[in-house]
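Student: Mind looking over this structure? Questions follow.
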């Protein structure tokens, strides 16, 4: 009988210890703070240190709104395209088996450092819009930021892929304004990588035609995309196609 009583006493002591530990480990809630305030005698004001501790506890328990720090992949691609100022084609390189590669010099906009000194500069900085037309704005005071090599067939394939995406996946088979403008440009522009241009022009003429084509295509792709619903593939795939075509070539992708 004495052993049973001792076990019960030990159990009560363990329960009291667990309750005390849980109370000490439990974070102080707002209700507990209110209870502490109400139990304090009315005649005894809180010391500045106690008030500061209670305020810090309340701030620690306050909810914090988290803001996303990353941008979407589509926005990132358009920002990269928006940095392109001009694409020049002045050289060709003949590789194995007589394959001709056109050398594309990619110029990027210079980043603004400090405050612009003129009103027009401040206006450009506030709108953050690049020049709409690039074909006649090749910089003459600096070299290209980087160069890539592409075959004539690569230009033709890019034109075909962009047109294919712009035609498909529209509700009621009616293309949006963004895709319609791209299709009109790809079919109506005289400067395009077609079979007729390939077999009826010289290499010098093709360099000019391809330069005009790729500059105009970049402008068409990066401008006016707000009219294309985000649910359509053209909103995401078309800028990605152009961005991949103009990306720096290293390793295995150099001659792709």
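What follows draws every value from the coordinates through simple rules; no lab data is involved. These numbers come from a predicted model, not from an experiment. All Cβ positions, glycine included, derive from the backbone under ideal geometry; neighbour counts span all protein chains shown.
Student: What length, rounded to one decimal in nm, is gained on full extension from residue 233 through to residue 201, with 0.36 nm per residue of separation minus their alpha-carbon distance?
Tutor: 8.0 nm
Student: Still on this structure: Which ordering of 141, 184 is given by a fewest-first count of other beta-carbon atoms within 10 Å?
Tutor: 141, 184
Student: Quick check: pseudo-label points 7 Å beyond the Cα along Cα→Cβ at residue 76 and residue 208, how many nm apart are they?
Tutor: 4.0
Student: At 0.36 nm per residue, minus the direct Cα-Cα distance, what do residue 174 and residue 92 gain on full extension? Give it in nm, one decimal, please.
Tutor: Once the chain is fully extended between residue 174 and residue 92, it gains 25.5 nm.
Student: In units of 2.2 N^0.38 Å, what is the alpha-carbon radius of gyration of segment 153-256?
Tutor: Computed over Cα atoms of segment 153-256, the ratio equals 1.12.
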